[in-house]
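Participant: So that we are looking at the same thing, I have put the structure below in structure tokens.
The values are calculated or read from the model by the stated rules, or taken from the named source; none is laboratory data. Owing to the predicted nature of the structure, the values given are computational and were not obtained by experimental measurement. Note that each Cβ is placed from the backbone with ideal geometry, even for glycine, and that neighbours are counted across all protein chains shown. When the accessible area is computed, the model is the full protein with side chains, heavy atoms only, and any ligands, DNA or RNA have been set aside. Shrake-Rupley method; radii C 1.70, N 1.55, O 1.52, S 1.80 Å.
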Amino acid sequence: MNLNLVLSDESEDLEQGILEISNDLHIEWNKDGLSVIVERTGHGIEVECSGKGGRIACSSKIHFYRALGLFVEAHRESNPFKINELPQFSSVGAMFDLSRNAVLKLDSMKQMIRHMALMGMDRLLLYMEDTYEIPGRPYFGYFRGRYSHADMKQMDDYADLFGIEVVPVIQTLGHLQQALKWNTNPEIHDTGDILMAGHPETYEFIEQMIKHASAPFRSKRIHLGMDEAEQAGLGHYLKLNGYRDRFDIMTAHLNTVIEIASAYGLEPMIWSDMYFKFASKHGEYYDLETQLPGDVQANMPKNVNYVYWDYYHDTAEHYRSMIQKHQGLGLRKVFAGGIWTFVGININYDKTFITTNAAMQACKEEGVEEVFATLWGDNGTETDYFTGLPGLQLYAEHAYASTVHMDKVKKRFQVCTGASYDSFMDLSLMDQIPGVRHPNVIPSNPSKMLLWQDILAGLFDKHTEGLDIAEYYRNLKVVMEMNGSADERWEFIFEMPGKLCDVLSLKADLGVKLKHCYDSLDKDGLSQIANDLLPELYLRVESLRLAHRKQWYRSYRPLGWEVLDVRYGGLLARIHTAIWRISEFINGRVAAIEELEEERLYFFPNYKEENRFAVVNSYARIFSGSMHP
């Protein structure tokens with residue numbers, strides 16, 4: 001498609017961004033193309049075409065790039081057309097977890113920025129516990145794939161082409177295990193992952209973090225974390241100072257950290273959960289009966305944004321209630337939802353869409369000003385962040401319409417990413433196996449459980465009995481292969497789950513077969529498992545490992561992959577051991593296989609038949625019933 005974009009003097013700053021994004025939109029900018037006048041105006045987005053020419057009117061850079069995508073989409077479908085959109089929030093963004101082994105490569109981040117630009121998302125948040133450099137602290141982010149100042153400056157410059165603000169998200173109280181594990185400054189440790197509040201050297205460290213995390217970026221916003229620090233004041237702090245009310249600890253610490261941030265001209269935000277947890281009788285964030293004590297609320301710093309984060313609930317009523325509890329706190333109303341990349345080895349769109357639709361409805365009704373979606377990488381970032389793009393599209397469409405229609409989300413996704421929406425939706429099928437309740441909103445993650453569980457001591461074998469999971473994955477493998485072959489740009493997304501289907505079509509019920517053959521003294525069956533099925537499984541697991549490695553190195557920096565390599569290596573080693581153990585028994589060199597003597601129990605003591613697979617997201621718990629590194 002050829003376009004002659006006619007820029008006004010005040011729109012000349014769009015030129016470089018247009019050139020960067022042209023390939024994504026499959027357009028060429030030249031004088032022979034359809035004339036489209038671009039002008040800055042008012043509030044919102046106006047896109048129209050009469051057939052002879054077009055017009056794009058918007059108030060900001062980021063609105064222009066969304067408008068450009070809208071123009072291209074509409075022109076391909078019909079002519080003439082006129083589109084008007086009104087932003088529902090002052091900001092809509094995406095936050096990527098760069099602290100759980102996976103650090104996005106700069107090229108990957110640039111690709112993500114272009115997708116976000118076409119969606120109209122204006123804020124990119126980088127969650128970095130220790131994955132950025134602090135001069136003079138060589139162990140901070142050591143062998144963690146950390147970004148340099150130059151890396152972050154390059155990211156910021158690129159995002160600025162499209163009007164996207166890059167905001168660092170760091171931690172200044174808890175979640176600092178990776179930084180503290182080197183024990184370079186033991187005096188600043190309260191617990192293994194929480195800083196010692198009130199200690200002068202703690203604030204020297206925090207100042208260094210704030211200074212070097214914020215320096216590369218144009219933004220004056222910074223997220224200071226401070227979530228999930230329930231043990232603050234209960235470790236070394238308690239030994240040194242005795243018990244102190246944790247509201248007082250939190251508020252005093254927050255005031256000091258805000259002073260540091262303010263000295264650098266920064267506007268800080270923190271996660272809001274700690275105040276609500278301290279106030280709850282049950283220590284819960286989402287306790288709807290909780291009311292912040294008046295004196296606590298009065299003493300909470302006002303020159304900070306308290307971010308309400310919630311990825312779990314399915315009703316707008318719940319979100320409205322929690323938003324109302326944040327009324328009057330801080331400078332602005334800010335909400336953070338979640339795209340479910342963080343439970344298992346595959347994304348869950350059921351949970352993502354149900355929670356997002358409920359949350360966004362409530363945010364609009366309650367006048368929330370800023371929203372962003374979080375993509376976490378819990379337990380090693382086994383799920384590629386690019387699978388979260390449909391979730392980002394959903395956030396974007398909510399940000400520009402009071403009511404969202406899924407057919408529009410689907411069309412916009414194709415324009416903003418060049419990918420098939422339906423193909424991406426198929427990724428959720430990896431965990432919608434027989435025995436999982438639909439929609440999958442627990443959310444169950446059986447593909448992770450069935451991949452990593454041990455052959456000889458399958459902790460989830462009891463859950464697979466009587467289910468034809470193997471056939472399910474055989475059929476799904478065909479779907480993944482078709483999706484991957486349909487578009488080579490996105491093949492890396494589908495090749496790995498296709499290989500996983502191949503593994504699980506053999507492995508999902510192999511433990512059940514093994515146990516049955518052993519209990520019935522079927523040595524022919526055992527021989528087939530040891531001589532045929534397990535060697536074949538070894539080859540399939542190795543093929544999966546290579547596909548997963550290829551996907552990782554395409555999206556992320558190398559450091560961090562070693563964690564998953566070791567998981568695959570452990571699985572391959574255990575297949576070898578299973579072959580050896582079965583062979584020893586068949587040949588009479590051992591009288592029994594003790595691992596197979598053990599009765600199979602349900603992993604979940606409160607097992608319910610209507611949903612055989614709940615959720616376990618810890619590799620260590622899935623792989624073994626024993627303690628291990």
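Participant: Out of the residues in segment 13-55 that are of a type in the set (D, E, K, R) and more than 35 Å from the chain's Cα centre (by Cα), state the one that is nearest to E77 (Cα to Cα).
Facilitator: E48
Participant: Examine segment 364-371 for a residue that is small (G, A, S) and either open to solvent by less than 10 Å² (accessible area, probe 1.4 Å) or under 15 Å from the mean Cα position of the chain (by Cα) (or both), and state whether such a residue exists.
Facilitator: no
Participant: Please go through segment 429-451 and give me each residue that is open to solvent by less than 10 Å² (accessible area, probe 1.4 Å) and assigned to a helix (DSSP H, G or I), ordered by number.
Facilitator: Those that are open to solvent by less than 10 Å² (accessible area, probe 1.4 Å) and assigned to a helix (DSSP H, G or I): M430, D431, P446, S447, K448, M449, L450, L451.
Residue by residue, here is whether (1) β-branched (V, I, T); (2) buried (at least 19 other Cβ atoms within 10 Å of the Cβ); (3) in contact with a strand residue (DSSP E or B) (Cβ under 9 Å, 6 or more places away or on another chain); (4) within 30 Å of Q111 (Cα to Cα) holds:
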{"site": "S520", "(1), (2), (3), (4)": "no, no, no, no"}
{"site": "L526", "(1), (2), (3), (4)": "no, yes, no, no"}
{"site": "D532", "(1), (2), (3), (4)": "no, no, no, no"}
{"site": "R557", "(1), (2), (3), (4)": "no, yes, yes, yes"}
{"site": "L572", "(1), (2), (3), (4)": "no, no, no, no"}
{"site": "T577", "(1), (2), (3), (4)": "yes, no, no, no"}
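Participant: Going by the conditions given, is V404 over 16 Å from N346 (Cα atoms) and open to solvent by less than 10 Å² (accessible area, probe 1.4 Å)?
Facilitator: For V404, the condition - over 16 Å from N346 (Cα atoms) and open to solvent by less than 10 Å² (accessible area, probe 1.4 Å) - is not met.
Participant: Tally time: how many residues in segment 577-616 are of a type outside the set (K, R) and touching an Asp or Glu at 6+ places or on another chain (Cβ under 6 Å)?
Facilitator: Total satisfying the criteria: 1.
Participant: Let me ask something else about it. Which members of segment 87-106 meet the condition of being open to solvent by less than 30 Å² (accessible area, probe 1.4 Å) and assigned to a loop (DSSP other than H, G, I, E, B)?
Facilitator: P87, F89, L98, S99, A102, V103
Participant: Moving to a separate point now. What is the residue count in segment 577-616 for residues that are part of a helix (DSSP H, G or I) and without any contact (Cβ under 8 Å) to a residue 12 or more places away in the chain?
Facilitator: 5
Participant: Among the residues of segment 359-376, what is the count of those that are farther than 19 Å from Q327 by Cα and not polar (S, T, N, Q)?
Facilitator: Qualifying residue count, segment 359-376: 3.
Participant: Determine if segment 166-189 includes at least one residue that is free of Cβ contacts under 8 Å to residues at least 12 places away in the same chain, assigned to a loop (DSSP other than H, G, I, E, B) and of a type in the set (K, R).
Facilitator: Yes - at least one qualifying residue is present in segment 166-189.
Participant: Just need a number here: residues in segment 51-86 that are open to solvent by 30 Å² or more (accessible area, probe 1.4 Å), without any contact (Cβ under 8 Å) to a residue 60 or more places away in the chain and under 15 Å from N4 (Cα atoms).
Facilitator: 3
Participant: May I pose another question? Of the numbered conditions (1) surrounded by fewer than 21 Cβ atoms within 10 Å (Cβ to Cβ); (2) touching a Pro at 6+ places or on another chain (Cβ under 7 Å); (3) not polar (S, T, N, Q), A358 fails exactly one; give the number of that condition.
Facilitator: (2)
Participant: Kindly provide the set of residues from segment 164-181 that are open to solvent by 30 Å² or more (accessible area, probe 1.4 Å) and either among the hydrophobic types (A, V, I, L, M, F, W, C) or in contact with a Lys or Arg (Cβ under 9 Å, 6 or more places away or on another chain) (or both), ordered by number.
Facilitator: E165, Q178, listed by residue number.
Participant: Which one is nearest to I579 (Cα to Cα) among residues in segment 596-608 that are open to solvent by less than 100 Å² (accessible area, probe 1.4 Å) and not hydroxyl-bearing (S, T, Y)?
Facilitator: The selected residue is L596.
Participant: Conditions first: (1) crowded, with 18+ Cβ neighbours inside 10 Å; (2) in contact with a Lys or Arg (Cβ under 6 Å, 6 or more places away or on another chain); (3) part of a helix (DSSP H, G or I). D454 passes all but one, so which condition is the exception?
Facilitator: Going through (1) crowded, with 18+ Cβ neighbours inside 10 Å; (2) in contact with a Lys or Arg (Cβ under 6 Å, 6 or more places away or on another chain); (3) part of a helix (DSSP H, G or I) one by one, D454 breaks only (3).
Participant: Restricting the search to segment 470-518, which residues are surrounded by fewer than 24 Cβ atoms within 10 Å (Cβ to Cβ), at pLDDT 95 or above and not in a helix (DSSP H, G or I)?
Facilitator: D509
Participant: Exactly one condition in (1) in contact (Cβ under 8 Å) with a residue 12 or more places away in the chain; (2) within 30 Å of E12 (Cα to Cα); (3) open to solvent by 20 Å² or more (accessible area, probe 1.4 Å) is not met by F143; state its number.
Facilitator: (2)
Participant: Residues of segment 8-24 being closer than 23 Å to G418 by Cα, open to solvent by 80 Å² or more (accessible area, probe 1.4 Å) and among the charged types (D, E, K, R), which ones?
Facilitator: E15
Participant: Separate question: Starting from segment 25-36, keep only residues that are surrounded by 13 or more Cβ atoms within 10 Å (Cβ to Cβ), then list their pairs with residues that are of a type in the set (F, W, Y) whose Cβ atoms are within a distance under 6 Å, requiring at least 6 positions of separation or different chains.
Facilitator: The qualifying pairs do not exist here.
Participant: Testing I134 on (1) among the hydrophobic types (A, V, I, L, M, F, W, C); (2) within 23 Å of the chain's Cα centre (by Cα); (3) more than 30 Å from G367 (Cα to Cα), one condition comes back false. Which one is that?
Facilitator: Among (1) among the hydrophobic types (A, V, I, L, M, F, W, C); (2) within 23 Å of the chain's Cα centre (by Cα); (3) more than 30 Å from G367 (Cα to Cα), the lone unmet condition for I134 is (2).
Participant: Could we say that R574 is closer than 26 Å to D431 by Cα, in contact (Cβ under 8 Å) with a residue 60 or more places away in the chain, among the basic types (K, R) and not in a helix (DSSP H, G or I) here?
Facilitator: Answer is no for this residue.
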